[in-house]
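K.L.:
Here it is, the structure in full.
The values are calculated or read from the model by the stated rules, or taken from the named source; none is laboratory data. Everything numeric here is computed off the predicted structure, so don't read it as measured data. With ideal geometry, Cβ positions are generated from the backbone for all residues, glycine too; neighbour counts draw on all protein chains shown.
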Amino acid sequence: MIKFLIAGFTALLLAGCQSKPTMPKGALVCEEPRPQMCTMDYTPACGHHSDGKTKTYSNSCSACARTEVSFVVAGECKK
């Protein structure tokens with residue numbers, strides 16, 4: 001029963017996060033604590049900075065390791 005309640009609460013919480021109008025579909029929110037180490041694979045991710053700027057990083061881990069990045073979207077940033 002408790003697992004069911006936790007799963008339901010988590011689903012509601014995630015649904016609320018996905019409804020933010022400023023985040024594109026498929027965005028991954030960077031969470032605390034930030035990664036201290038990342039793999040060196042190249043899977044481009046577009047890091048969205050808190051000031052509205054974007055930058056392409058080698059992968060989502062590398063992007064979220066930066067404190068100025070709020071969320072990432074798979075693929076290179078559009079110019």
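K.L.:
Collect the residues in the stretch 11-51 that are farther than 17 Å from Cys61 by Cβ, modelled with pLDDT of 85 or more and of a type in the set (Lys, Arg), keeping them in residue-number order.
P.N.:
Answer for the stretch 11-51, where residues must be farther than 17 Å from Cys61 by Cβ, modelled with pLDDT of 85 or more and of a type in the set (Lys, Arg): just Lys25.
K.L.:
When Ser60 is evaluated against the numbered criteria (1) at pLDDT below 75; (2) among the polar types (S, T, N, Q); (3) in contact with a Leu (Cβ under 9 Å, 6 or more places away or on another chain), which criterion, by number, is the only one it fails?
P.N.:
In the conditions (1) at pLDDT below 75; (2) among the polar types (S, T, N, Q); (3) in contact with a Leu (Cβ under 9 Å, 6 or more places away or on another chain), Ser60 misses (1) alone.
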